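Notes for the one structure printed next.
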Amino acid sequence: MEKTVLNIDIAEEQKNARADIKQQGLRVLVCAGTGCVANGSLKVIEKFKNLGANVSVLTDYDKMTIVPTGCHGFCEQGVLVVIPDLHVTYVKVKEQDVEEIYESHIRNGKPVERLLYVDPKTHEHVMDDEHINFYAKQTRTALANCGNINAESIDEAIAVRGYEALSNVLKENNPEAVIDEIVKSGLRGRGGGGFPTGTKWKFTAANRGGKSYVVCNGDEGDPGAFMDRSVMEGDPHKLLEGIAIAAFAVGADEAYIYVRAEYPLAIKRLRKAIADAEARHYLGNNILGSNFNLTIHIKEGAGAFVCGEETALIASIEGERGMPRPKPPFPANKGLFGRPTLINNVETLANVPVIMLNGADWFSSMGTETSKGTKTFALTGEVNNTGLIEVPMGTTLRQIVFDIGGGIRGGKKFKAVQIGGPSGGCLTEEHLDLPMDYDSLIKAGAMVGSGGLVVMAENTCIVEVARFFMNFTQNESCGKCVPCREGTKNMLKILEKIVAGKGEMKDLETLEELAQSVKDGSLCGLGKTAPNPVLSTLKYFRDEYIAHIKDKKCPAGVCTAMKKIVIQPDLCKGCTKCARNCPVGAIDGTIKQPHKINQEKCIKCEACLTNCPFKAIVLE
């Protein structure tokens, strides 16, 4: 194919954008992702702007620019304020802290120690990202710009090589070469299944010639997952560029980004990014002066978890109820509006421009033999450093939990990790050195999923965790197929029975039989993976299920029905405070005499335990 001569010089655009950034003087990066906004970052930004109005007070800079960024990832420590030129990262910043940062550090060069990150192991203050393990142990590709640029500025995106890969692709004018590069990179779908991305592109491109579509799946429904949201909020132009390259490769001229309506900030920034890109001819008709056209629409989803499944997502865009359809035909042959459709998730597409800029060999040099590149994870639960991370595929669970995550809170003992959300499985202490890649996790009875990592400590009830995820999946089942609709309902009933202290040993056998039936007989991925949390916890923590059933005891002391609240007579002074605060009148006794709890009446609300001034009431 002949090369195309473009009428927009991306190198000149980059030069101008970088020059503009240099003119900003001292850049103060304030996280304006969803989490930090909720913690008051907009007030922090406004306070900085007001203080910085008088630029004459700056000693080494004649100007200060406050840059609202996307998510920095370190959500546990928000609001985050990073001043790169001063080599400092401030954490948990409040509006009232701004003046001290400004006066002490910006004006007089003295860092505010109390706002620096404290390492949970050494208990020492750490100045900047390079020395904070949470950041230092990561390798960021999809998230490289998140937290470092103004998420709503197309010029700042261009300054960090935004749209350069698209420009190169359009100049070369060789769709097959683009697909070959993605195949060679070894990129696999980051939405959960791990299907080879290049292969999917090939399938869709085989139908090139008529109308076709690209769909970006931003329907991130796993509890605690926010990887895709952070990319959409923090670096929307990288996503748009990835979509444009994918559309060029497969021959599509129209694309949809499917985003759940619960992500209003992501939707707002995507809409602005699309409008800005169209105005600058990076999207729309005759992109960059080529003959390639692409229109990108945003479709807001209603928050149905099942719409993460590609055929249900397609139905939703078409205005139908979001329910899965049998396959084949696959979307690559017959997808949106009956036309060939390429569907990739946000993180997958965000990797595309990076691969095209740095080459397939560079990308495949990271990761393992069968799982190339990096993966983002939402690290949550009983870990010191929660937040969004990105690490090479094959990084061990131990490295993630104890190096990046800083270990378990309060010095508690590590118990397990639930990976992949409701579709994933449970990993235990024996898996701490397991490489986090697609194949290793499948062998262990889990899966990468979209990348949720919930860390559990010794005080976590595994049976309750399984019940929680089954309750979520059962609520989100669309009800189209019987195995999922009825199977998850009955599995949930059994789990609820066990945590209520009414379980029988035969329930475990029934639970496993139901799980296998749901796994084998369900129509879509939601049902096929719904039993995973139950099966994996039964495999690794069966003794905990048995304790709930045989001993009527929750080893973690979590399940309310199995709690027994008692009054220790040798400590009770008979003050009657517990009886006066009991909402159901379950405490008997006379004044100045030891009281007693009627276990049949007790609802385990713990009001008595909280109110006892003599610590005479305990949980058994």
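The values are calculated or read from the model by the stated rules, or taken from the named source; none is laboratory data. It should be emphasised that the depicted structure is a prediction, and the values quoted were computed from it without experimental measurement. Using ideal geometry, Cβ is built from the backbone for each residue, glycine included, and neighbour counts are taken over all protein chains shown.
Data overview
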quantity: Lone qualifier among Ala515, Ala530 - being outside the structural domain of Ile408 (by TED's automatic domain parsing), touching a Pro at 6+ places or on another chain (Cβ under 8 Å) and at pLDDT below 90; calculated: Ala530
quantity: Set Lys519, Lys596: member being surrounded by 14 or more Cβ atoms within 10 Å (Cβ to Cβ), free of Cβ contacts under 8 Å to residues at least 40 places away in the same chain, closer than 22 Å to Arg467 by Cβ and not β-branched (Val, Ile, Thr); calculated: Lys519
quantity: Criterion: closer than 27 Å to Phe74 by Cβ, assigned to a loop (DSSP other than H, G, I, E, B), of a type outside the set (Asp, Glu) and touching a residue at least 24 places away in the same chain (Cβ under 8 Å) - qualifying residue of Gly501, Gly445, Gly406; calculated: Gly406
quantity: Residues of region 324-342 that turn out to be surrounded by fewer than 17 Cβ atoms within 10 Å (Cβ to Cβ) and part of a loop (DSSP other than H, G, I, E, B), as a count; calculated: 7
quantity: Answer residue from region 429-480, given it is of a type in the set (Val, Ile, Thr) and within 21 Å of the chain's Cα centre (by Cα) and is surrounded by the most Cβ atoms within 10 Å (Cβ to Cβ) among those; calculated: Val448
quantity: Top-ranked residue in region 543-569 [being without any contact (Cβ under 8 Å) to a residue 40 or more places away in the chain and charged (D, E, K, R); ranked as farthest from Ile462 (Cα to Cα)]; calculated: Asp551
quantity: Search result, residues across region 247-270 that are free of Cβ contacts under 8 Å to residues at least 12 places away in the same chain and within 17 Å of the chain's Cα centre (by Cα); calculated: Pro264
quantity: Filter result for Ile298 (touching a helix residue (DSSP H, G or I) at 6+ places or on another chain (Cβ under 8 Å) and part of a strand (DSSP E or B)); calculated: yes
quantity: Test: residue in region 294-306 that is over 27 Å from the mean Cα position of the chain (by Cα) and assigned by TED's automatic domain parsing to the domain that holds Ala225; calculated: yes
quantity: Near pairs, Cβ below 6 angstrom, 6+ apart or cross-chain, from region 16-41 (more than 20 Å from Thr89 (Cβ to Cβ)) to any residue that is of a type in the set (Gly, Ala, Ser); calculated: Ala17/Ala159; Arg18/Ala159
quantity: Residue within region 374-397 that is among the basic types (Lys, Arg), crowded, with 22+ Cβ neighbours inside 10 Å and not in a loop (DSSP other than H, G, I, E, B) present; calculated: yes
quantity: Every residue from region 215-245 that is of a type in the set (Gly, Ala, Ser) and more than 18 Å from the chain's Cα centre (by Cα); calculated: Gly242, Ala244
quantity: Failed item in (1) at pLDDT below 95; (2) more than 21 Å from Gly221 (Cα to Cα), with Gly387 passing the rest; calculated: (2)
quantity: Boolean, Lys573 is in contact (Cβ under 8 Å) with a residue 24 or more places away in the chain, charged (D, E, K, R), closer than 25 Å to Lys502 by Cα and surrounded by 13 or more Cβ atoms within 10 Å (Cβ to Cβ); calculated: no
quantity: For Ala136: the one exception among (1) crowded, with 22+ Cβ neighbours inside 10 Å; (2) farther than 30 Å from Phe305 by Cα; (3) of a type in the set (A, V, I, L, M, F, W, C); calculated: (1)
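Here's the yes/no breakdown for (1) among the aromatic types (Phe, Trp, Tyr); (2) crowded, with 16+ Cβ neighbours inside 10 Å; (3) in contact with a Cys (Cβ under 7 Å, 6 or more places away or on another chain):
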position: Asn39; (1), (2), (3): no, yes, no
position: Leu51; (1), (2), (3): no, yes, no
position: Cys71; (1), (2), (3): no, yes, yes
position: Val79; (1), (2), (3): no, yes, yes
position: Pro84; (1), (2), (3): no, no, no
position: Ser104; (1), (2), (3): no, no, no
position: Tyr117; (1), (2), (3): yes, yes, no
position: Ala144; (1), (2), (3): no, yes, no
position: Ala151; (1), (2), (3): no, yes, no
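Yes or no, residue by residue, for (1) free of Cβ contacts under 8 Å to residues at least 40 places away in the same chain; (2) of a type in the set (A, V, I, L, M, F, W, C); (3) in contact with a Pro (Cβ under 6 Å, 6 or more places away or on another chain):
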site: Gly109; (1), (2), (3): no, no, no
site: Leu115; (1), (2), (3): yes, yes, no
site: Lys121; (1), (2), (3): no, no, no
site: Ile132; (1), (2), (3): no, yes, no
site: Thr141; (1), (2), (3): no, no, no
site: Gly162; (1), (2), (3): no, no, no
site: Leu166; (1), (2), (3): no, yes, no
site: Pro196; (1), (2), (3): yes, no, no
